[in-house]
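What follows is a short report on a single structure.
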Amino acid sequence: FAALYLVVVLLIVLGGRVIPFFTERTLPAIKTRKWPWIERLAPIAPAALALVALFQPSGALAALLAALACVAIAVRLWGWQPWRTGQKPMLWVLHVGYGWLVLGLGLTAVAVWLPALAMPAIHALTVGALGGLTVGMMARVTLGHTGRPIEAAPVIIAAFGLINLAAVIRVVMPLLSPTHYLPWLMVAGGLWSLAFLLFLFYYAPILTRPRIDGKEG
């Protein structure tokens, strides 16, 4: 649990730096908002949660810290205006990935009283947030660092959809249909893997060739 929450801190810090920057650069009409106390609380609360998790990962203090982190990240995300990014897959995939952090930490807080939500919380943070932000960032920076326009090809948009669908199935369906746990697990795992296979299929030729603008890098 402590290791997972440290990864969450990493996602929060890096996402907080690049997502609003990418958003304003791609959509100049959007002026993202920041609140100093939110910017401090967003990484501090899950970092404290990681420390507490070494001793009591499911206690009241852990729930409080998870709830604080959830609120801070939700407010932060709201300030980035994710609802205005729907026409830009390279943007919305990052906003949705950050949204999975909000859900995962919220479920982590509630799981103290509803233990059945403990595993869905973990999968929201991993399958959803870690998976979605990873494929979204790789898709974007690969194009940027190879001199290509930062536009998502249809196959990559499909990959974004698949990885988020996998997260929805992994988080929700075992709760709605626990008797079919293993089939849902296999479906979610298959969709998640397919998303990365599509990424590999599309980006392998890009990553193994020189930049198209002739620059080094």
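The values are calculated or read from the model by the stated rules, or taken from the named source; none is laboratory data. What you see is a predicted model; the values in this text were computed from it and never measured. Backbone-built Cβ (ideal geometry, glycine too); neighbour counts: all protein chains shown. All accessible areas refer to the heavy atoms of the entire protein, side chains included, with ligands and DNA or RNA removed. Shrake-Rupley method; radii C 1.70, N 1.55, O 1.52, S 1.80 Å.
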Query raised in the report: By how many degrees, 0 to 90 and rounded to 10, does the Cα axis of helix 89-110 deviate from the longest principal axis of the chain?
Result: 10
**Report entry** Per residue value of the accessible surface for the chain (all protein chains in place, 1.4 Å probe), Å²
**Finding:** 50
Query - Candidate residues Glu216, Glu39, Glu151, Glu24: accessible-area rank, largest first, probe 1.4 Å - result: Glu216, Glu151, Glu24, Glu39
Query raised in the report: If you line up the long axis of helix 60-79 against the longest principal axis of the chain, both from Cα atoms, how many degrees apart are they, to the nearest 10?
Result: 30
Report task. Could you check which residue among Leu27, Leu68, Leu94 shows the biggest mean-square fluctuation in a GNM of the chain with a 10 Å Cα cutoff? Result -> Leu27
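Whenever you get a sec, compute what percent of the accessible area on region 109-160 sits on carbon and sulfur atoms (1.4 Å probe).
79
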Query raised in the report: Can you give the calculated 222 nm mean residue ellipticity of the chain, where each DSSP H run of n ≥ 4 adds -39,500 (n - 2.57) and the sum is split over every residue, rounded to the nearest 500 deg cm²/dmol?
Result: -24500 deg cm²/dmol
Query raised in the report: If you line up the long axis of helix 131-144 against the longest principal axis of the chain, both from Cα atoms, how many degrees apart are they, to the nearest 10?
Result: 20
Requested in this report: Within the set of other residues whose C-beta is less than 10 Å from the C-beta of His145, count the net charge using Lys and Arg as +1 and Asp and Glu as -1.
Outcome: +4
**Report entry** Accessible-area order (highest first, 1.4 angstrom probe) of the listed residues Ser177, Ser58
**Finding:** Ser58, Ser177
Query raised in the report: How much of the calculated P(r) for region 46-131 lies past 20 Å, in percent of all Cα pairs?
Result: 34
Query raised in the report: Could you work out Rg/(2.2 N^0.38 Å) for the chain, with Rg from alpha carbons only?
Result: 1.06
Query raised in the report: Just His123, His95, His145 to compare: in a GNM of the chain, with alpha carbon springs under 10 Å, which one fluctuates most?
Result: His145
